[in-house]
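The values are calculated or read from the model by the stated rules, or taken from the named source; none is laboratory data. Predicted model only: the values in this text are computed from it and were never measured. In this analysis, Cβ positions are derived from the backbone assuming ideal geometry, glycine residues included, and neighbour counts consider all displayed protein chains. Ligands, DNA and RNA are stripped out before the accessible areas are found, and what is left, the full protein with its side chains, is counted by its heavy atoms. Shrake-Rupley method; radii C 1.70, N 1.55, O 1.52, S 1.80 Å.
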There are 4 protein chains.
Amino acid sequence: MTHPSPATTIPIGITENILVNGIASMIPLSTTEGALIASFSRGNKLLTQSGGVVSCAIDNGYTLSAVISLSNLEELDQFQTHLSQPSLFESLSLAVSDSNPSLCLGDVESYIVAQNVSVVFRLRHRTSSFKHIQSKLITNLLKIIKKSSPVSFTLLSIQTPFSSSSSPSVSNIVKPSGFTVSSDVVIPAQLLQTVMHVSPQTFLSLNQKKNYLGSSLACTLGGNNAHASNALSALFLACGQDMSLIPTCSACFLTTELTDSGDLHVSCTMPSLLVDVSSPLASSVQKSLITFLLSDEKNVFPPTTDSEMQEDEVIKNANKRFAMIAASVVLAGELSLISSLAQGTLMDAHNALNRGKSP
Amino acid sequence: MTHPSPATTIPIGITENILVNGIASMIPLSTTEGALIASFSRGNKLLTQSGGVVSCAIDNGYTLSAVISLSNLEELDQFQTHLSQPSLFESLSLAVSDSNPSLCLGDVESYIVAQNVSVVFRLRHRTSSFKHIQSKLITNLLKIIKKSSPVSFTLLSIQTPFSSSSSPSVSNIVKPSGFTVSSDVVIPAQLLQTVMHVSPQTFLSLNQKKNYLGSSLACTLGGNNAHASNALSALFLACGQDMSLIPTCSACFLTTELTDSGDLHVSCTMPSLLVDVSSPLASSVQKSLITFLLSDEKNVFPPTTDSEMQEDEVIKNANKRFAMIAASVVLAGELSLISSLAQGTLMDAHNALNRGKSP
Amino acid sequence: MTHPSPATTIPIGITENILVNGIASMIPLSTTEGALIASFSRGNKLLTQSGGVVSCAIDNGYTLSAVISLSNLEELDQFQTHLSQPSLFESLSLAVSDSNPSLCLGDVESYIVAQNVSVVFRLRHRTSSFKHIQSKLITNLLKIIKKSSPVSFTLLSIQTPFSSSSSPSVSNIVKPSGFTVSSDVVIPAQLLQTVMHVSPQTFLSLNQKKNYLGSSLACTLGGNNAHASNALSALFLACGQDMSLIPTCSACFLTTELTDSGDLHVSCTMPSLLVDVSSPLASSVQKSLITFLLSDEKNVFPPTTDSEMQEDEVIKNANKRFAMIAASVVLAGELSLISSLAQGTLMDAHNALNRGKSP
Amino acid sequence: MTHPSPATTIPIGITENILVNGIASMIPLSTTEGALIASFSRGNKLLTQSGGVVSCAIDNGYTLSAVISLSNLEELDQFQTHLSQPSLFESLSLAVSDSNPSLCLGDVESYIVAQNVSVVFRLRHRTSSFKHIQSKLITNLLKIIKKSSPVSFTLLSIQTPFSSSSSPSVSNIVKPSGFTVSSDVVIPAQLLQTVMHVSPQTFLSLNQKKNYLGSSLACTLGGNNAHASNALSALFLACGQDMSLIPTCSACFLTTELTDSGDLHVSCTMPSLLVDVSSPLASSVQKSLITFLLSDEKNVFPPTTDSEMQEDEVIKNANKRFAMIAASVVLAGELSLISSLAQGTLMDAHNALNRGKSP
């Protein structure tokens, strides 16, 4: 048998412009489903015509965690007291900022099951080089804890489900990592009707019944949306993001309200967007797509500077911009699909279903 | 600005052979993280040297669902009675098999919130052409329900979170779609020690503490594994599967037991693997990788036959084989990562951590 | 030390009448928190003045389950085939109806992890004496499966989390046991304003933001309500229901809509209400309270008849009525608390918060 | 119709002694199910004969939360910056300790959906009088935030699902309130066999398959136990605890390991035990049962002191002791029921099931 070709190629489509915080971007999406590009373009156009999306991102930092085991439960009190010493926190903070001047330690928390303790470190200001130092850093932090610990313990694992990991976990919603992003817009009723052929009220009602009643009934967690993972996987694939984070990152809450003048106020909140536009794993095509996406009149990406701290700052801002764009494209996709479902339903209703009862 | 290139290219790595139900396969994985190929190869080799994986797949069929709204709650009793009429079920069954001779209707269930009813249809024997007929089919089924309904209702949406969708949902575990696959193996203690440098007991203990205690504490749903989504996203990408299904499909339970002779009995169960090797959305490279993966001495894929029913049968079997391979590769990845975590921990323990307490 | 007194006494309060499907009932609630009675009475009165609650209950039957272990995974296919034989289903059905003529077997499902199979039996028409026969019945059903099974298996446990149990479980929402009850009402805007001092719009908005956005964000499952467990525990305690089922039974979805005329359409859906008004565990006071609650001009409870089947029918209807009352009282409590929160917020806003920004 | 009697009476049973951290206690349980007392007594005896339970409790403090709404998303950044000002934290801390000298503010966190912000306050050292001041305190804290806020906001509700509430919520596991308690013991194999008629290995295997594999498959959250809510509801009822907290408090992880000598190391961890032994809502019988349970040679409860701070200290310790006893009694109940299930299964196996395959 001949050996297969050395690379998968996935077509790239470029959507219409979307205006996010006043800057217009065309979005590269990598997907074999051509219809998606048209669908997202339709949403982007609607958002742009409505005056553009306002997006706001909060940087939650990054989480490292390890699970250790005490010799016995009697020593738990002593260990917990040790863990909460201000002097220990100082030592740990120092170790974090020593590993990289752009990092600082936010807090240290612990979770108990029997004599096993999951220790969770929240770091602020993730840097581009973070992924490469994380194993070394957490091992180092545990050494510091052990050195001054009044009780001995065994290290079980330097990864736990509390870290930003590839398993989807509720802790990623209740204790978010990466960026929490919210993108919102007010869409004039007339425009929504013209472009999407639905009224604000119909859109709101379908969102409420499908994405809240329906999702609660089907017991989704973070699944209060129609197809966030569709946009996210196409964008992540185009821009070299970690595909195994899709289950975590695609948590998404779509909210809808009517304004006093009857327009549609719609927003999309994503609690845990873990993105890294400087990932060394991106291929050259993916790197060029990131540059295409993030460079504009004011910004150039990747940064061209000699200072590591300045470079980190540019990357941090670029990650934030990328996260805001991601949530906005997801919003465009929601507008498009939900309108289409509502419209199809209405059409069906007119064409066929309502005749069911007539003779 | 110049327009970006028309396709993302992601490198393809081919792993060592893995023996699944007696047939050896090399696995194409599409990822920019080169270390993954080595890691999965290591796991595949261990599985093959242990005599190969036994895999078993149960076909749960496919789920369609819609949500409708009654005029008022008083009519709910009547509607539920209507929905449970054997004569209605017969009409619905007929409509399903008319749409495609390879399909049959399994059951019809309903979920209530207020006067809104989510109607869920379970179909058996999903066919290759299913994706294209689903909107038309569910619209048709609702027309049939409406035609003879004693009470009127409004169609709200022909998609709900109860369908096999791109939002991860608990209902996909408790009411699985696609294949439920379990792959298992007994790994001799000596072999595990030689290849992975851990004992069965250490492996079992880490699985229990990280993937069960840890995952329960972090409130994951279906997240009782170390990195199932890593394997799955690389395999799905290589073989043209729907990337937006990763959140749903990567639910995975890794189980471990010691045999009487002290060897490691390990298995991987994935409740909802939605795969379609005949997807028309696969690119030509992806199609060739599916052929590379699924063709062996006994089988040729894609099928070459004039009969649609025969073709459906071949595709159904190929989907089953693909699902069994997927769960087995995930198992390989779990063996590799968990061993590595355990080994790293042990090494750290010897090198550094245990010295913490000494003067 | 002297021995404590032989019984806990919890005060009983009797609420104002609530009209459920045209029949008025005063509700006995057992609680030491006196304010609750006033609060529920306020809600009951509002519901009654609005014309009363319409309630609809669907009997999901009762679930038995066991987990067994096959010798190895290779035999899973054979076992699943065995489990789906129509002849086996007939034998199992016969055994169920032999155990009690009021029972029949609905369906048999199975869930797989590795070679462990959870077998779940859905029974229709739970009878009063069910609790006493369940251990014997499930043991018997497993014997029948084993007798004709082509492969051997080991019984691990005759209870699993898939049964209606004392651990709260998502499966109780997605695969409900007991009654699924929905109670709804339209409350005129004027009346809501007069009695509860809130507008329909304010009530709806708070329900949406607290019980849907808030509950999704805090990752509750079945927790789309303000304090369903409050009403339920006081009612269950007064009427001798199993207190350990509160975590399962208190799942509750509160929904709100504005009618075209601007009134508040509000409903309360509880997916898994497991109730048994004939429980032999009820104390004599509790039994008298059940009689007080369920007896009216048309009905007498407990039934006075010689026929076991007639008795089962009366009990079945009484259980249904009790479930409908329970969901309606929960609705009353939600109206009262949410209005109070909204009103308090408004009051605070007027008194204090709005002055925050002024000099 | 005559009015029903003014109180529900539930029988109280007193179990055998259980030794927790060296102090023996007989446990009052209020239940109409007489068999429970015998079952828990059996477990208590086993625990005591094994040398008693070691229990460890961590005080997580108490959570207050409110949800507010900003005028628009643009102001979110400013609001978040305001919320993280050290000077604001100082003002809030002062307000907390002014409300009661035993309280201090731990941290302030926020959760975002659209322009709605849930603000969560963690308080340390809950005092006896806490319940009465909480509405006033949170209203006061919000006034302080508003006073110096650069942007205006509207208060939506002074309760959210992030507070310790009567809706069960995952956030109570990932962000625990009240006490996190772990109780553990090593039970000699011989003793387990003699008293419970099971081996450590059988017990461990059933716990793993029922409470971990089974519970993960049925998607329970915090439900890794057999019947924690049974013990808890009987104890809470006897001792005047808030019954509506049962869904939250009964989250419980049962863990099992074999020691090197083949004995059973078993532990019970409950993440969010919200208890208040000084609740003014307890009836006089309930108060006497608390005194019966918590008074021993060294301690007297309720405290007799003139100093409010001393009184708070005694109550805090009594709450901690009560929480440790609660987790220990739950452990006793788990030992009893799981052994009984395993034993019944074995017996069945011997009597009947194993004959299935013989001619």
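Take the residues in region A:139-173 that are in contact with a Phe, Trp or Tyr (Cβ under 8 Å, 6 or more places away or on another chain) and modelled with pLDDT under 90, then tell me which one is surrounded by the fewest Cβ atoms within 10 Å (Cβ to Cβ). Among residues in region A:139-173 that are in contact with a Phe, Trp or Tyr (Cβ under 8 Å, 6 or more places away or on another chain) and modelled with pLDDT under 90, the one surrounded by the fewest Cβ atoms within 10 Å (Cβ to Cβ) is A:SER164. Which residue is farthest from A:PHE322 (Cα to Cα), if the candidates are limited to region A:56-92 and must be of a type outside the set (A, V, I, L, M, F, W, C) and within 22 Å of the chain's Cα centre (by Cα)? Filtering region A:56-92 for residues that are of a type outside the set (A, V, I, L, M, F, W, C) and within 22 Å of the chain's Cα centre (by Cα), the one farthest from A:PHE322 (Cα to Cα) comes out as A:SER65. Regarding region A:306-314, can at least one residue be identified that is acidic (Asp, Glu) and at pLDDT 90 or above? Within region A:306-314, none of the residues are acidic (Asp, Glu) and at pLDDT 90 or above. Restricting A:SER99, A:SER84, A:SER118 to residues that are over 30 Å from D:LEU73 (Cα atoms), of a type in the set (Ser, Thr, Tyr) and at pLDDT below 90 narrows the list to A:SER99.
Tallying residues that are within 25 Å of C:ILE23 (Cβ to Cβ) and part of a helix (DSSP H, G or I) within region C:60-89 yields 0.
With the condition kept exactly as written, say whether any residue in region A:301-316 is touching an Asp or Glu at 6+ places or on another chain (Cβ under 8 Å), in contact (Cβ under 8 Å) with a residue 40 or more places away in the chain and in a helix (DSSP H, G or I). The answer is yes; a qualifying residue exists.
Determine whether region D:248-257 contains at least one residue that is in a helix (DSSP H, G or I) and crowded, with 24+ Cβ neighbours inside 10 Å. Yes, because at least one residue in region D:248-257 is in a helix (DSSP H, G or I) and crowded, with 24+ Cβ neighbours inside 10 Å. Residue-level analysis places B:SER288 among those that are in the same structural domain as B:CYS219 (by TED's automatic domain parsing), farther than 23 Å from B:LYS209 by Cα, at pLDDT 90 or above and of a type outside the set (Lys, Arg).
Please verify whether region A:335-353 includes one or more residues that are at pLDDT 85 or above, within 10 Å of another protein chain (Cβ to nearest Cβ), surrounded by 16 or more Cβ atoms within 10 Å (Cβ to Cβ) and within 27 Å of A:PRO176 (Cβ to Cβ). For region A:335-353, residues at pLDDT 85 or above, within 10 Å of another protein chain (Cβ to nearest Cβ), surrounded by 16 or more Cβ atoms within 10 Å (Cβ to Cβ) and within 27 Å of A:PRO176 (Cβ to Cβ): present.
A residue that is in contact with a His (Cβ under 9 Å, 6 or more places away or on another chain) and farther than 24 Å from A:GLN193 by Cα cannot be found anywhere in region A:30-49. For region B:221-235, the set of residues classified as more than 7 Å from chain A (Cβ to nearest Cβ) and more than 12 Å from the chain's Cα centre (by Cα) consists of B:ASN224, B:ALA226, B:ALA234, listed by residue number. Within region C:270-290, being loosely packed, with under 15 Cβ neighbours inside 10 Å and farther than 26 Å from C:GLY61 by Cβ holds for one residue alone: C:SER284. Evaluated against (1) more than 8 Å from chain A (Cβ to nearest Cβ); (2) closer than 26 Å to A:ILE37 by Cα, B:ALA238 falls short on exactly one condition, (1). Residue pairs whose Cβ atoms lie under 8 Å apart, separated by 6 or more positions or on different chains, with the first residue in region D:246-264 and over 17 Å from A:ALA114 (Cα atoms) and the second at pLDDT 90 or above and acidic (Asp, Glu), do not occur. When A:SER307, A:SER267 are screened for being in the same structural domain as A:PRO200 (by TED's automatic domain parsing), buried (at least 23 other Cβ atoms within 10 Å of the Cβ) and more than 21 Å from A:TYR62 (Cβ to Cβ), only A:SER267 passes. Residue check: is D:ASP59 farther than 22 Å from D:LEU141 by Cα and of a type in the set (D, E, K, R)? Taking the combined requirement at face value, the residue satisfies it.
Yes or no, residue by residue, for (1) buried (at least 23 other Cβ atoms within 10 Å of the Cβ); (2) outside the structural domain of B:ASN17 (by TED's automatic domain parsing):
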{"residue": "B:ARG42", "(1), (2)": "no, no"}
{"residue": "B:LEU70", "(1), (2)": "no, yes"}
{"residue": "B:HIS82", "(1), (2)": "no, yes"}
{"residue": "B:ALA114", "(1), (2)": "yes, yes"}
{"residue": "B:ARG122", "(1), (2)": "no, yes"}
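Looking across region D:189-201, the residues that are open to solvent by 50 Å² or more (accessible area, probe 1.4 Å) and touching a residue at least 24 places away in the same chain (Cβ under 8 Å) come down to D:HIS197, D:GLN201. Looking at region B:33-55, can you tell me whether even one residue there is over 22 Å from the mean Cα position of the chain (by Cα) and at positive phi? Yes: region B:33-55 contains one or more residues that are over 22 Å from the mean Cα position of the chain (by Cα) and at positive phi. Only one entry in C:LEU264, C:LEU281, C:LEU273, C:LEU294 is in contact with a helix residue (DSSP H, G or I) (Cβ under 8 Å, 6 or more places away or on another chain) and away from chain B (no Cβ under 14 Å), namely C:LEU294.
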